[in-house]
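Structure first, then comments.
The values are calculated or read from the model by the stated rules, or taken from the named source; none is laboratory data. Owing to the predicted nature of the structure, the values given are computational and were not obtained by experimental measurement. Here the Cβ positions follow ideal geometry from the backbone for every residue, glycine too, while neighbour counts run over all protein chains shown. Surface areas here come from the heavy atoms of the whole protein model, side chains and all, with no ligands, DNA or RNA. Shrake-Rupley method; radii C 1.70, N 1.55, O 1.52, S 1.80 Å.
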Amino acid sequence: MQRYPSRGAVIITGAGQGIGRRLALTLVAEGVDVCIADWNEDKGRSVAEEEAPGTGRRLFVRTNVADEATCEAAVVATIEAFGGVFGLVNNASIFSTLTMRPFWEIPSEEWDQVQAVNLKGVFNMTRAARQALAASGEGSVVNVASSTILFGRPNYAHYVSSKAGVLGLSRAMARELGDQSIRVNTLTPGPTFTEIERATVTPQQKAAMIGQQCLKRAGGPDDIADAIAFLLSRQARWITGQLLNADGGMITH
């Protein structure tokens, strides 16, 4: 069985860095065409032009997932370039730039911005891509949440609540899109160390997080990208409405 459909592409939001970048290059290496949908033009174009193995083609479209119009434009551009869309990965989110603080100190404007990108962005992008995904006959949506929703990490209430919302939205979407031959699943990464700087994580905190895992090493973007690629693939053709937690065994229940 061919791992992915031969026609169409995968749209990845937030693909200009971190997990999204690694996933884009992973899929390209497997011959999959990819739309790099990112708000940061420099980073997005860099991934689109980066030297990497594989026959998959790349397209960058500047996309603000909080804006419906740019989500629709990304889908149109992908269809024009690659003939269709069979996969969507809602990965864009606000996290690394957030300041840790209790929920009562979070400015309302910051709360709204996080919800608009992390949660409504999933709604906007999936709605924009729905018809194209259905037309593929085997659409797959992977929504990237966070393992923090399973234990309630303190001082990031807006982030944690937005990602908890992603899980609920994903399960509702799976119910509503199943008869359109579209699968929807949620991936919750644990601590994942990428090139993105995180001033709130000290070396001691990093070591402590690794110490809580069954697998005693730092998780990297490859670990998460490979799990997402599986959910996109035909190997996961009978999996929908599910949560896959990829955290090295930090949470085992």
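Can you say whether G165 is open to solvent by less than 30 Å² (accessible area, probe 1.4 Å), modelled with pLDDT of 95 or more, outside any loop (DSSP other than H, G, I, E, B) and among the small types (G, A, S), as far as the supplied structure shows? The answer is yes for G165.
Taken over the range 23-56, the criterion of being in contact (Cβ under 8 Å) with a residue 40 or more places away in the chain and open to solvent by 60 Å² or more (accessible area, probe 1.4 Å) is satisfied by E30, W39. Given the criteria open to solvent by less than 20 Å² (accessible area, probe 1.4 Å), β-branched (V, I, T) and within 18 Å of K120 (Cα to Cα), does V85 qualify? Judged against the criteria, V85 is not a match. Could you please let me know if R153 is open to solvent by 20 Å² or more (accessible area, probe 1.4 Å), out of contact with any Pro (no Cβ under 7 Å at 6 or more places or on another chain), of a type in the set (K, R) and part of a helix (DSSP H, G or I)? It is false that R153 is open to solvent by 20 Å² or more (accessible area, probe 1.4 Å), out of contact with any Pro (no Cβ under 7 Å at 6 or more places or on another chain), of a type in the set (K, R) and part of a helix (DSSP H, G or I). Given the condition polar (S, T, N, Q) and closer than 26 Å to Q115 by Cα, answer yes or no: does some residue in the range 45-65 qualify? Scanning the range 45-65, I find at least one residue that is polar (S, T, N, Q) and closer than 26 Å to Q115 by Cα, so the answer is yes. Selection of the range 94-113 for residues being closer than 21 Å to L167 by Cβ, touching a helix residue (DSSP H, G or I) at 6+ places or on another chain (Cβ under 8 Å) and not in a loop (DSSP other than H, G, I, E, B) yields F103, W111.
Results for (1) in a strand (DSSP E or B); (2) in contact (Cβ under 8 Å) with a residue 12 or more places away in the chain; (3) within 28 Å of G139 (Cα to Cα); (4) open to solvent by 30 Å² or more (accessible area, probe 1.4 Å), shown as yes or no for each residue.
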position: I196; (1), (2), (3), (4): no, yes, no, yes
position: A207; (1), (2), (3), (4): no, no, no, yes
position: R217; (1), (2), (3), (4): no, yes, no, yes
position: D223; (1), (2), (3), (4): no, yes, yes, yes
position: A229; (1), (2), (3), (4): no, yes, yes, no
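All told, A134 meets the bar of being touching a helix residue (DSSP H, G or I) at 6+ places or on another chain (Cβ under 6 Å), open to solvent by 20 Å² or more (accessible area, probe 1.4 Å), over 19 Å from R21 (Cβ atoms) and in a helix (DSSP H, G or I). Look at (1) over 18 Å from G20 (Cβ atoms); (2) surrounded by fewer than 24 Cβ atoms within 10 Å (Cβ to Cβ) and you find that I182 fails only one, number (2). Would you mention how many residues in the range 231-253 are open to solvent by less than 80 Å² (accessible area, probe 1.4 Å), within 30 Å of D179 (Cβ to Cβ) and among the charged types (D, E, K, R)? Qualifying residue count for the region: 1.
Per-residue answers, yes or no, for (1) within 25 Å of N185 (Cα to Cα); (2) in a helix (DSSP H, G or I); (3) under 15 Å from the mean Cα position of the chain (by Cα); (4) of a type in the set (D, E, K, R):
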{"position": "A48", "(1), (2), (3), (4)": "no, yes, no, no"}
{"position": "T55", "(1), (2), (3), (4)": "no, no, no, no"}
{"position": "N64", "(1), (2), (3), (4)": "yes, no, yes, no"}
{"position": "A92", "(1), (2), (3), (4)": "yes, no, yes, no"}
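Filtering the range 16-33 to residues that are in a loop (DSSP other than H, G, I, E, B) and in contact with a Lys or Arg (Cβ under 6 Å, 6 or more places away or on another chain) leaves G16, Q17.
Residues considered: T78, T70. Of these, the only one that is part of a helix (DSSP H, G or I) and closer than 14 Å to Q131 by Cα is T78.
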